[in-house]
Amino acid sequence: MTTTTTTPLITFLLRTADDNLVLAQRLGALLARMPELEEDIAVANVCLDHLGQARSLYAHAAMLEGLGRSEDDLAMLRDERQFLNATLVEQPDVDFAHTIVRQFFVDAYQVPFYDVLCGASDPVLAGIAEKAMKEARYHLRRSATWVVRLGDGTEESHDRTQAAVDLLWRYTGDLLALDEIEETLVADGVLPSLDGVRGVFDATVASVFAEATLTLPTDPYQRLGGRAGVHTEQFGHLLPEMQRLYRSHPGARW
Amino acid sequence: MRASEQGWPLWEVFVRADRGLNHVHAGSVHAVDAETALQAARDVYTRRAEGVSIWVVRSTEIVASDPDRRDDWFGDLKPYRHPTFYEIPDAIGHM
């Protein structure tokens with residue numbers, strides 16, 4: 001499968017859709033494995049929100065692409081190098097703290113990100129963003145609450161949460177990075193400027209971490225590349241599991 | 001061991017379905033504190049937009065009547081406390 005017919009907007013839609021789909025896949029794998037029934041339902045809700053956002057974005061990308069591919073084709077028939085999600089969302093669920101910290105970073109990013117997208121000139125994208133925005137705000141409230149509970153909780157919960165921050169922080173740059181795709185879309189007036197997203201993200205992280213008694217790593221290293229399809233080893237395990245059914249039974253319905 | 005066995009407290013959840021209605025008991029959730037209890041209640045009991053407002057209260061804060069003494073409390077029926085007990089004199093006409 002090739003992706004030769006593409007535009008900056010389609011690439012941008014796929015990046016955002018892939019973020020949501022891959023995170024939904026990670027969260028879906030946690031169902032029936034959360035520490036409490038209540039958290040199980042919560043993670044299912046969040047998972048389905050992200051999956052719904054991914055579906056809308058894929059469907060719109062497929063329509064703009066005009067190659068006759070469906071949202072399922074985009075999700076299930078592209079290979080690893082064609083996935084454009086930030087590497088943060090593919091990182092595994094080592095423990096509950098990792099799940100929560102990963103979610104918190106995504107939420108702290110998506111709230112200002114979707115806020116900008118609400119001003120997109122493409123009315124479908126703006127509409128998707130408006131719905132996603134409400135979901136992201138709730139997700140952030142939940143994950144930030146948990147970050148504070150865990151970080152400012154027991155010694156063990158603090159240490160585990162700090163370990164998750166130390167591991168996952170290096171992947172947040174991928175989420176926030178802007179390249180020629182976004183620059184083109186902004187220059188063409190398709191999107192308002194995304195420059196403010198990082199500042200809101202940083203402020204959210206700073207205020208929640210202060211309350212949670214967590215600190216950011218001093219090592220400035222950031223692992224970039226997801227937006228260009230260069231993923232971490234973890235993604236190589238996630239993708240075939242996600243795509244196996246669709247690829248084994250093409251056209252299967254249920 | 002599940003976290004609840006280690007003592008996540010229980011909270012009773014009351015959901016108000018719409019403006020002008022009362023909060024009605026919807027069920028209970030386990031949560032570490034009030035704020036996470038509200039969130040759990042939102043996730044468990046308002047998934048399908050059932051409510052506009054949620055209250056949670058620690059289950060231990062609820063003082064309940066003893067179900068074994070229900071007859072003492074509620075079994076002593078006094079039909080004359082119901083207006084239908086009384087026959088309306090003809091002179092009154094329709095009420």
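The values are calculated or read from the model by the stated rules, or taken from the named source; none is laboratory data. The model shown is predicted, which means the values in this text are computed figures rather than measured ones. All Cβ positions, glycine included, derive from the backbone under ideal geometry; neighbour counts span all protein chains shown. Areas reflect the complete protein model, heavy atoms only, side chains present, ligands, DNA and RNA absent. Shrake-Rupley method; radii C 1.70, N 1.55, O 1.52, S 1.80 Å.
Structure summary
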| read-out | value |
| --- | --- |
| Residue among A:Ala61, A:Ala126, A:Ala32 with the largest mean-square fluctuation in a Gaussian network model of chain A, springs linking Cα atoms under 10 Å | A:Ala32 |
| Solvent exposure ordering (accessible area, 1.4 Å, most first) of A:Ser143, B:Ser65 | B:Ser65, A:Ser143 |
| Under the span-like rule (Cα at least 15 Å along the axis, Kyte-Doolittle mean at least 0.5), DSSP H helices of chain A | A:8-28, A:96-117, A:196-212 |
| Efficiency of FRET from Cβ geometry, A:Thr6 and A:Ala177, R₀ 30 Å, rounded to 0.05 | 0.95 |
| Net charge over other residues, Cβ less than 15 angstrom from the Cβ of A:Gln53 (K, R count +1; D, E count -1) | -2 |
| Probe 1.4 Å, accessible area per residue of the range A:86-225, Å² | 41 |
| Heavy-atom accessible surface of the protein assembly as shown: percent carbon and sulfur, 1.4 Å | 54 |
| Sites B:Asp68 and A:Ala163, calculated FRET efficiency, Cβ-Cβ separation with R0 45 Å, nearest 0.05 | 0.30 |
| Accessible area, probe 1.4 Å, largest first, for residues A:Ile100, B:Ile92, B:Ile62 | B:Ile92, B:Ile62, A:Ile100 |
| Estimated D of the range A:128-182 in µm² per second, where Rh is the Kirkwood radius over Cα pairs and Stokes-Einstein applies at 20 °C, 1.002 mPa s | 160 |
| Spread of Cα-to-Cα distances over 10 Å intervals beginning at zero, given as percent, for the range B:4-67 | 23, 49, 24, 3 |
| Isotropically averaged projected area of the range A:176-247, using the convex hull of Cα atoms (one quarter of hull area), nm² | 8.0 |
| Separation of alpha-carbon centers, the range A:58-124 and the range A:143-162, rounded to whole Å | 27 |
| Residue with peak Gaussian network fluctuation, chain A [Cα springs, cutoff 10 Å], from A:Gly52, A:Gly236, A:Gly226 | A:Gly236 |
| Pairwise FRET efficiency - A:Ala252 versus B:Tyr86, Cβ, R0 = 51 Å, nearest 0.05 | 0.15 |
| For B:Leu10, residues with placed amide H under 5 Å, excluding near neighbours | B:Ser59 |
| Average Cα contact separation per residue, chain B, under 8 Å, 6 or more apart, as relative contact order % | 26 |
| In nm, spacing of pseudo-spin labels at B:Asp76 and A:Glu156 (7 Å Cα→C-beta vector) | 5.3 |
| Where only C-alpha atoms are counted, convex hull volume of chain A per residue in Å³ | 124 |
| Mean separation of Cα contacts under 8 Å, 6 or more apart, over the residue count of the range A:119-208: relative contact order % | 36 |
| Among A:Thr218, A:Thr99, A:Thr161, residue whose mean-square fluctuation peaks in a GNM of chain A (springs only between Cα atoms under 10 Å) | A:Thr218 |
| Heavy-atom accessible surface that A and B bury in contact, both chains counted, 1.4 Å, Å² to 100 | 1500 |
